[in-house]
Amino acid sequence: MKKIISMIVIALFAAAIPATVYAQVASIPATRAGAAPQAALQPAAQSAAPIYGEKADAKADIAAALTRAGKENRRVLIQWGGNWCGWCRLLHKLFKEDRAIAKVLLYEYDVVMVDIGKFDKNMDVADQYQAGAEGFKKPGGGVPYLTVLDAAGSVVINQEPGSLESGQGHDPKKVLDFLNAHKAPALEAQAVLGKALAETKASDRRVFLHYGAPWCGWCKRLEAWMAQPEVGSLLKKAYVDVKIDQDRMTGGMDSKKAYPASEKAGIPWFAALDPDGKVIATSTDSGENTGFPAADSEIAAFGEFLKKSGQGLTPADIETLLASLKAANKK
């Protein structure tokens, strides 16, 4: 009787698996590195939450990531795969749950996950970066396949998956070593600031110096606000924008300590400097660090900062900037 019940359960389970699952298994290259083809797809993956945006515009996503990477001296990491791919899910899980790997991804990479369908989607994009016909579709390829791009969009490395695997998963040390080996070289904080100061001398502006770190949400809000076209064009009239990443840049923390007013303040902390590096105004002039100006008192303090340091800004310009801050905070 137990045998009969077991056979019925197995039959029902088999019937419940969509036929497309088997078709997808068959579409996976038989030379999938690191595991048998069937290991790349588990029925459970069909009901799990998607990790790849199947309707995403891969070209637009990569372009946006390259723009962000250029501003932050990071690299772009493309993870080619699909929601049906069990090994892709394993790597994505490792990216999220391994603290050391998650940190290096946060600090050093802009990650783009590109859906490849049944090895028939976004192939033009993959071939553009030598990752398709020359990568995951050729013998010894398979997915998840990784491509690292520099900020200019040039391929740093294409990585087949097998050498990052160990047993039935990915080796955290191998993955971490891979990421560390291909991150962008660190910038030197004083050199970055020196370049900005030289630019102010040539353009009769001030330096808008702000300190941040990859983990700082308020820093990201300030940077996102400054990146808005209308805001950026107005600030550019008066300032040369320079961000010092206190965690990622060589000498970043020492650079911040050179400004005593910043020592007890959080980040973002900012200052306006004249072409000789002399401080004109800071985000702590009102007594408290305004950081990203959110409260009415902080926005008012930022207005005083602009009036004091923003030569080239008209009263109307300043009002426009403050109104933009108020609108951003309402959102």
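The values are calculated or read from the model by the stated rules, or taken from the named source; none is laboratory data. From a predicted model like this one, the values you see are computed outputs, not experimental measurements. Please note: Cβ atoms are built from the backbone with ideal geometry, for glycine as well, and neighbour counts cover all protein chains shown.
Annotation note: of 146, 106, the sole residue that is among the aliphatic types (A, V, I, L, M), surrounded by 16 or more Cβ atoms within 10 Å (Cβ to Cβ) and either out of contact with any helix residue (DSSP H, G or I) (no Cβ under 8 Å at 6 or more places or on another chain) or under 23 Å from residue 184 (Cβ atoms) (or both) is 146. For the residues 291, 252, 310, 266, the requirement of being over 28 Å from the mean Cα position of the chain (by Cα) and not β-branched (Val, Ile, Thr) singles out 310.
Which fully enclosed helices (runs of 4 or more DSSP H) of the range 133-234 have 1 or more residues being farther than 20 Å from residue 81 by Cα and polar (S, T, N, Q)?
Filter on the range 133-234 gives 172-181, 189-203.
Of all the numbered requirements in (1) out of contact with any Asp or Glu (no Cβ under 7 Å at 6 or more places or on another chain); (2) at pLDDT 95 or above, residue 240 misses one, and that requirement is (1).
Considering the range 118-132, and only residues there that are of a type outside the set (Asp, Glu) and free of Cβ contacts under 8 Å to residues at least 60 places away in the same chain, the residue that is surrounded by the fewest Cβ atoms within 10 Å (Cβ to Cβ) turns out to be 130. Considering the conditions (1) at pLDDT below 95; (2) more than 23 Å from residue 243 (Cα to Cα); (3) of a type in the set (Gly, Ala, Ser), residue 312 is excluded by exactly one of them, (2).
Summed over the range 248-277, residues that are in contact (Cβ under 8 Å) with a residue 60 or more places away in the chain and either in a helix (DSSP H, G or I) or surrounded by 14 or more Cβ atoms within 10 Å (Cβ to Cβ) (or both) total 14.
When the range 304-314 is filtered for residues that are over 13 Å from residue 237 (Cα atoms) and surrounded by fewer than 19 Cβ atoms within 10 Å (Cβ to Cβ), the ones remaining, listed by number, are 304, 307, 308. Among the residues making up the range 153-173, those that are within 21 Å of the chain's Cα centre (by Cα) and either at negative phi or β-branched (Val, Ile, Thr) (or both) are 154, 155, 156, 157, 158, 159, 172. Mind checking whether some residue in the range 127-145 is closer than 30 Å to residue 278 by Cα and at pLDDT 95 or above? Checked against the condition, which is being closer than 30 Å to residue 278 by Cα and at pLDDT 95 or above, the range 127-145 yields no hits at all. Scanning the range 188-209 for residues that are under 21 Å from the mean Cα position of the chain (by Cα) and surrounded by fewer than 16 Cβ atoms within 10 Å (Cβ to Cβ) turns up just one, 188. A count restricted to the range 91-103 and to residues that are farther than 19 Å from residue 131 by Cβ and crowded, with 18+ Cβ neighbours inside 10 Å stands at 2.
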